[in-house]
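Each value in this text was obtained by applying a stated rule to the coordinates, not by laboratory testing. If you're wondering where the values come from, they're calculated on a predicted model, not measured in any experiment. Using ideal geometry, Cβ is built from the backbone for each residue, glycine included, and neighbour counts are taken over all protein chains shown.
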């Protein structure tokens, strides 16, 4: 019977410890439940940000600028194009009559085995006195030239069948200069492949 009081004491202490544990757990429980309430306010700013982002305010301004831009460009482009060709045609037509013309004609008057004779006639059809220069281009068979004419003409052999006749004094307006020529040759052929007077083609025959 002496051990019974100790058993009672042990049971009492066990009940006390159980009550203490129960009270501690009951206090921590409401503290854990009170912690989650601050979490919901974090979702509020995300909803406001999504609603404010899609604001298409600049779209109508771009549409207005694109409609106004092509109208002045199309109206301004044809104006300079239409005005540019008109003065060019008038200037070309006005420059043509100012330049005079000097014409020349080459004619063969005699043809032999080793030589042939020809006549060169130069006419100044312009309104002023002009110098003239005639170039005769033969093949390699024509070797030399002899010219007999009035004073005022010089003759030179450039080699390779090229002969140059030029005036030493200007030919008067409407005037004519005649040059008699004799060419030595080997083989056949008495007409030049090219004849020019002041850079323009002269007549042959």
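Both numbers refer to the Cα atoms of the range 149-205; Rg and Dmax are 12.9, 40 Å.
Between residue 7 and residue 173, the distance separating the two model label sites (each 7 Å from Cα on the Cα→Cβ line) works out to 16.4 nm.
Report the per residue volume, in Å³, of the convex hull enclosing the C-alpha atoms of the range 102-204. Intermediate results must be reported in sequence, preceding the final value.
On the way: hull volume 8.3 nm³, N = 103.
It comes to 81 Å³ per residue, whole-number rounded.
Ordering of 107-116, 6-15, 131-140 by packing is 131-140, 107-116, 6-15, highest average first (other Cβ atoms within 10 Å, averaged per residue).
How would you order 194-201, 162-169 from highest to lowest mean count of nearby Cβ atoms within 10 Å?
Working: 194-201: 14.5, 162-169: 16.0.
Highest-to-lowest ranking by the protection proxy: 162-169, 194-201.
Taking R0 as 30 Å, what's the FRET efficiency between residue 133 and residue 111 from their Cβ-Cβ distance, rounded to 0.05?
Values: r = 26 Å, r/R0 = 0.87.
Computed FRET efficiency for residue 133 and residue 111 comes out at 0.70.
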